[in-house]
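See below for the structure under consideration.
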Amino acid sequence: MVMNALMKFASLAAVLVLSACVATEPASRGVAPDALTLASRGTGSIPDVGTGVRVVAPLYSIADVRVAVPRSLRVSEANVFYPIADIVWRGDAPGDRHSQIAAIFQTAGQQAAASMNGPRPAVLELTLVRFHGVTEKTRYTVGGTHNMVFDLTVRDAATGAVIDGPRRVAADAKAAGGQAAIAEEQAGRTQKVVVTEKLVETLRRELSGPVTDPALVARAVGSPATVALR
C-alpha cells in the first residue's frame, strides 16, 4: 500500500514538472529562427507586445553593400592550432584569401539587406579587421571558433553622409571539430555556410532598432520579420 502510494506521488510530481517546462516555452516558438532579429543598440525601452516578445525593425533599406579587405592584412596557411595572422581561412580551396573573404562578406551583406525595408535608403560599408577561422589541424581534432572582426559604416544613399559608425563589430561562430566537423561537411554545412549565417545574423542585428511607435508595434505583432525573443 505504502509503495503504491509513493509510486503514484512520484508520477504526479513528474507530470507537474513536465507541465511547468511546457508552460515556459517562448511565445515566438513558431517563428522561423532566421526571421528573428535582436536590437543591439538604441535608446529607450523596447516595447513588450505581450507573452515574452519585443518588437524591432530595420533602420535602413540597404541600396548597396561595399566590402574592403585591405591587402595589408597578413594571411597564414600554416597548419598549426593557432597561426599568428590576420586572415586564417580553410573554407575555400587554396587561393587569394583576401578575395575569398571579401566574397563571403559581400554575400552576407546582400542576404542581410534583402530582408530589410527600413525607412532610410543607405549604403553599407564593411572593412575587414580580422578573419581567423580554424586550420585543418584544429578542425579535425578539437574544433574552435571562427572569429570575425570588421568595421561597419552606414552612409546616406543620396548624400553619402555617414549616419552610423564607423564602429567595430565582432562576430564569433562555433567551429565544429573531429567527427562533428566531418558530419557537418557531409551534410552540406560547410565552414562557409556557418560563417555566412553568422555574419547575416550579426548584420541584421546591428542594422535594426527598437520600434517605439505604438501603432507600429501593433502592426508588427505577428510579422516574423520584426518579432524577437525577449
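The values are calculated or read from the model by the stated rules, or taken from the named source; none is laboratory data. Since we're looking at a predicted model, the values are computed, not measured. No Cβ is skipped: glycine too gets one built from the backbone with ideal geometry, and neighbour counts run over all protein chains shown.
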Per the filter on the range 93-126, residues within 26 Å of VAL56 (Cα to Cα) and outside any helix (DSSP H, G or I) are SER115, MET116, ASN117, GLY118, PRO119, ARG120, PRO121, ALA122, VAL123, LEU124, GLU125, LEU126
Could you grab the pairs with beta carbons closer than 6 Å, sequence gap of 6+ or different chains, first residue in the range 89-102 and on the phi > 0 side of the Ramachandran plot, second one assigned to a loop (DSSP other than H, G, I, E, B)? none
Which listed residue, of GLY160, GLY133, is at pLDDT 95 or above, on the phi > 0 side of the Ramachandran plot and not aliphatic (A, V, I, L, M): GLY160
For ALA102, indicate whether it is exposed (fewer than 14 other Cβ atoms within 10 Å of the Cβ) and hydrophobic (A, V, I, L, M, F, W, C). no
Of all residues making up the range 170-203, the number that are assigned to a helix (DSSP H, G or I), within 14 Å of the chain's Cα centre (by Cα) and among the acidic types (Asp, Glu): 2
Scanning for something without any contact (Cβ under 8 Å) to a residue 12 or more places away in the chain and part of a strand (DSSP E or B), does the range 145-163 turn up at least one residue? yes
Could you please tell me which pairs satisfy a Cβ distance under 7 Å, a separation of 6+ or placement on different chains, a first residue in the range 127-143 that is in contact (Cβ under 8 Å) with a residue 40 or more places away in the chain and closer than 11 Å to ALA175 by Cα, and a second residue that is of a type in the set (A, V, I, L, M) and outside any strand (DSSP E or B)? THR135/VAL80; ARG139/ALA181; TYR140/ALA181
